[in-house]
Amino acid sequence: DSGVTQTPKHLITATGQRVTLRCSPRSGDLSVYWYQQSLDQGLQFLIQYYNGEERAKGNILERFSAQQFPDLHSELNLSSLELGDSALYFCASSDGTDETQYFGPGTRLLVL
Amino acid sequence: TQLLEQSPQFLSIQEGENLTVYCNSSSVFSSLQWYRQEPGEGPVLLVTVVTGGEVKKLKRLTFQFGDARKDSSLHITAAQTGDTGLYLCAGPSGTYKYIFGTGTRLKVLA
């Protein structure tokens, strides 16, 4: 158990819909990272937050947004969903002192 | 654009055999990490290598960082069924971003 929690574990929705994925980092970790893992693209970095502020953006679509709240939990919002958005979405956290990231169990999103 | 290419993509071996998987790039990395991911779970960090030529051992796993810091290898001695999983290398790409390799899917047969 990494100490990072993600909800929900599974999500099935339809094209055009909007969903919110939630992540709670390990106690004391200030950094949260979001990744997308699909069969054909591998693990892709989406975005990083540090203590509530956006720190880095990767290959994140404009239809996707994220935020980190004062209690340090983070949410990833996916809107106007397309079939190709079906993937595993992982959250990871770190304390910021080194590069070690602790990954959550992921949310499996299926868009029908 | 930095890329991390891993080889082989798939590997199926018998328990007790040795194996090596590779992570290569045309770019220099300040450090590289190796993760193992099991089905239905998130990646788990195995090791971070930071110095060119560095060798780190973790029980039966030996990790090496190339002298030029453009490549890395993971050698497993006497593989066990518990070593089955997806092995990923990863490295920093720019400021606060990370890229992951294409992955090596290992299956160890009893």
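Ligands, DNA and RNA left out, the accessible area of chain A computed with a 1.4 Å probe is 48% carbon and sulfur. Let me make sure I get this right: for the stretch B:45-105, a, b and c are the square roots of the gyration tensor eigenvalues over alpha carbons, sorted descending. Under 1.5 in a/c it's rounded, otherwise prolate if a/b > b/c, else oblate. Which is it? Here the stretch B:45-105 falls in the oblate category.
Each Lys and Arg contributes +1 and each Asp and Glu -1, all at the Cβ; summed about the Cα centre of the protein assembly as shown, the dipole is approximately 160 debye. Its residue count N fixes a reference of 2.2 N^0.38 Å for chain A, and the Cα radius of gyration divided by that reference is 0.99. Comparing the full protein assembly with the isolated chain (1.4 Å probe, heavy atoms, ligands and nucleic acids excluded), the residues of the stretch A:20-54 losing at least 40 square angstrom of accessible area are A:GLN37, A:LEU43, A:PHE45. Couplings 3J(HN,Hα) of the stretch B:92-99, computed from phi: x, 10, x, 8, 6, 10, 9, 10 Hz, in residue order, whole Hz [Karplus 6.51 cos²θ - 1.76 cosθ + 1.60, θ = phi - 60°; x for Gly and Pro].
In order along the stretch B:78-86, the phi-based Karplus estimate (6.51 cos²θ - 1.76 cosθ + 1.60, θ = phi - 60°) of 3J(HN,Hα) comes to 6, 4, 10, 4, x, 7, 4, x, 9 Hz; Gly and Pro are listed as x.
Cβ under 12 Å from A:LEU11's Cβ, A:LEU11 left aside: what net charge do those residues give with Lys, Arg +1 and Asp, Glu -1? Don't skip to the answer; put the middle values down first.
On the way: positive: A:LYS9, A:ARG18, A:ARG22, A:ARG108; negative: A:ASP85.
Every neighbour counted, the sum reads +3.
Using only the Cα atoms of the stretch B:5-109, each taken as one equal point scatterer with no solvent, compute I(q) by the Debye sum, divide by I(0), and report log10 of the ratio at q = 0.12, 0.19, 0.23 Å⁻¹. Taken in order of the listed q values, log10 I(q)/I(0) reads -0.36, -0.90, -1.29.
Which value, to two decimals, describes the C-alpha radius of gyration of the protein assembly as shown once divided by 2.2 N^0.38 Å? Mind showing how you got there, number by number?
Values: Rg = 17.5 Å, N = 222, 2.2 N^0.38 = 17.1 Å.
With N residues counted in the protein assembly as shown, Rg over 2.2 N^0.38 Å equals 1.02.
Partner shielding of B:41-53 amounts to 4, given as the average count of beta-carbon atoms from other chains within 10 Å of each residue beta-carbon.
With a 1.4 Å probe, how much accessible area is buried between chains A and B, both sides summed, in Å² to the nearest hundred?
Details: alone 6130 and 6140 Å², together 10810 Å².
The contact between B and A buries close to 1500 Å².
Under a point-charge model restricted to the Cβ atoms of Lys and Arg (+1) and Asp and Glu (-1), what is the dipole moment magnitude of the stretch B:5-109 relative to its Cα centre, in debye to the nearest 20?
Working: 10 positive and 9 negative charges, 36 e Å.
Once rounded to the nearest 20, the dipole reads 180 debye.
Packing-based ranking of A:78-90, A:8-20 yields A:78-90, A:8-20, ordered from highest to lowest mean Cβ neighbour count within 10 Å. Got a sec? Which residues of the stretch A:86-112 lose 40 Å² or more of accessible surface with every protein chain in place, vs. that chain alone, 1.4 Å probe? Buried by 40 Å² or more upon assembly, which counts only protein chains, are A:GLU99, A:GLN101, A:PHE103. What the protein assembly as shown shows is 49 Å² of accessible area per residue, with the surface traced by a 1.4 Å probe over protein heavy atoms.
For each pair in B:LYS56/B:LYS107; A:LYS57/B:LYS56; B:LYS59/B:LYS107; A:LYS57/B:LYS70; A:LYS9/B:LYS70; B:LYS56/B:LYS97, compute the distance between the two Cα atoms and list the pairs where it is over 26 Å.
Numbers: B:LYS56/B:LYS107 23 Å; A:LYS57/B:LYS56 31 Å; B:LYS59/B:LYS107 19 Å; A:LYS57/B:LYS70 24 Å; A:LYS9/B:LYS70 36 Å; B:LYS56/B:LYS97 24 Å.
Exceeds cut-off: A:LYS57/B:LYS56; A:LYS9/B:LYS70.
Centre-to-centre, using Cα atoms only, the stretch B:47-110 and the stretch A:1-52 are separated by 23 Å. The protection proxy used here, the mean number of other Cβ atoms lying within 10 Å of each residue, ranks peptides B:58-65, B:72-79 as follows, highest first: B:72-79, B:58-65. The portion of the accessible surface of the stretch B:5-109 made up by carbon and sulfur, rounded to a whole percent, is 49 (1.4 Å probe; DNA, RNA and ligands excluded).
The values are calculated or read from the model by the stated rules, or taken from the named source; none is laboratory data. Keep in mind the model is a prediction, meaning the values are calculated, not measured. Cβ coordinates were reconstructed from backbone atoms using ideal geometry, including for glycine residues, and neighbour counts include every protein chain displayed. Surface areas here come from the heavy atoms of the whole protein model, side chains and all, with no ligands, DNA or RNA. Shrake-Rupley method; radii C 1.70, N 1.55, O 1.52, S 1.80 Å.
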